[in-house]
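Heads up, the thing below is written out as structure tokens.
The values are calculated or read from the model by the stated rules, or taken from the named source; none is laboratory data. For clarity, every value in this text was computed on a predicted model and none was experimentally measured. Every residue, glycine among them, receives a Cβ derived from its backbone with ideal geometry; neighbour counts consider all protein chains shown.
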Amino acid sequence: MLIEMKVTGLTIDPFTSMPIIILKDMEERSALPIWIGLIEASAIATELEKIQLSRPMTHDLLKNIIDAVGAEVLRVAVTDLADNTFYARIYLRHGGQEIEMDARPSDAIAIALRTKAPIFVEKSVVEKSRKIDLSKDSDDEAKKQKWTEILESLNPEDFGKYKM
């Protein structure tokens, strides 16, 4: 079952200094943190902030190519979580045919934001994400508890203007 979600912010993991994109369902009952790379976070933040660059970056170029060939992004979906790695799909329509492509979640989300396509997450991914070992040392209960507190108390206002 797919759950529609929206980007509610970008933050930095206080333990690893890695960027995290936060998705929340439309009713804001559950959050899904996805650790991403710095470049991908920058691409997402650029779109969230509506920053216009003088030259197209990779995700802008992909959007331009999709538009130029007459295709449409129907939706993106985070489809799986295995071995602490998230998987996503981009669903396009071109010439009356639906095309499904494998993608990293950060890339899929960056494309969805640029094309105004809806973002979905498989319910099983949300459930599996609650079981992720958030610390490198699985015996470190204090870190796990800290992350639980952080994720449960997230509000969109906590992210300001998505600065990193």
- Which pairs have Cβ atoms under 8 Å, sit 6 or more apart or on different chains, and link a residue in the range 78-102 that is over 15 Å from Leu32 (Cα atoms) to one that is of a type in the set (S, T, N, Q) and surrounded by 12 or more Cβ atoms within 10 Å (Cβ to Cβ)? Arg89/Thr79
- Note on the structure: Counting only residues that are part of a loop (DSSP other than H, G, I, E, B) and either of a type in the set (D, E, K, R) or touching a Phe, Trp or Tyr at 6+ places or on another chain (Cβ under 8 Å) (or both), the range 29-41 contains a total of 1
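So that you can scan it fast, the table gives a plain yes or no per residue for (1) at pLDDT below 95; (2) among the small types (Gly, Ala, Ser); (3) assigned to a strand (DSSP E or B):
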residue: Leu23; (1), (2), (3): no, no, yes
residue: Glu27; (1), (2), (3): yes, no, no
residue: Pro56; (1), (2), (3): yes, no, no
residue: Glu100; (1), (2), (3): no, no, yes
residue: Ser106; (1), (2), (3): no, yes, no
- Query: Only one of (1) touching a His at 6+ places or on another chain (Cβ under 9 Å); (2) in a helix (DSSP H, G or I); (3) surrounded by fewer than 18 Cβ atoms within 10 Å (Cβ to Cβ) fails for Ile66. Which number is that?
  - Reply: (3)
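If you take the residues in the range 1-16 that are part of a loop (DSSP other than H, G, I, E, B) and hydrophobic (A, V, I, L, M, F, W, C), which one is surrounded by the fewest Cβ atoms within 10 Å (Cβ to Cβ)? Walk me through how you get there before you give the answer.
Our first condition is that a residue be part of a loop (DSSP other than H, G, I, E, B); within the range 1-16, this holds for 1, 13-16.
Among the residues that remain, those that are also hydrophobic (A, V, I, L, M, F, W, C) are: 1, 15.
Working: Met1: 7, Phe15: 13.
Step by step, filter the range 1-16, then rank; the result is Met1.
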- Query: Pairs, please: C-beta under 6 Å, at least 6 apart or cross-chain, first residue acidic (Asp, Glu) and in the range 1-30, second not in a loop (DSSP other than H, G, I, E, B)?
  - Reply: Glu4/Phe120; Asp13/Ile20; Asp25/Ile3; Asp25/Met5
- Ala71: buried (at least 21 other Cβ atoms within 10 Å of the Cβ), modelled with pLDDT of 95 or more and in contact with a strand residue (DSSP E or B) (Cβ under 7 Å, 6 or more places away or on another chain), yes or no? no
- Note on the structure: When Asp137 is run through (1) in contact with a helix residue (DSSP H, G or I) (Cβ under 8 Å, 6 or more places away or on another chain); (2) surrounded by fewer than 13 Cβ atoms within 10 Å (Cβ to Cβ); (3) modelled with pLDDT of 95 or more, the failure sits at (3)
- Since Gly9 meets every condition but one in (1) in contact with a His (Cβ under 8 Å, 6 or more places away or on another chain); (2) modelled with pLDDT under 95, which condition does it not meet? (1)
- Note on the structure: Per the list (1) out of contact with any helix residue (DSSP H, G or I) (no Cβ under 7 Å at 6 or more places or on another chain); (2) outside any strand (DSSP E or B), residue check on Ile44 breaks on (1)
- Item | Selected residue (criterion: nearest to Ile44 (Cα to Cα)) from residues of the range 62-77 that are touching a residue at least 12 places away in the same chain (Cβ under 8 Å) and over 21 Å from the mean Cα position of the chain (by Cα) | Ala71
- What about Leu81, is it within 15 Å of the chain's Cα centre (by Cα), crowded, with 20+ Cβ neighbours inside 10 Å and more than 23 Å from Lys128 (Cα to Cα)? no
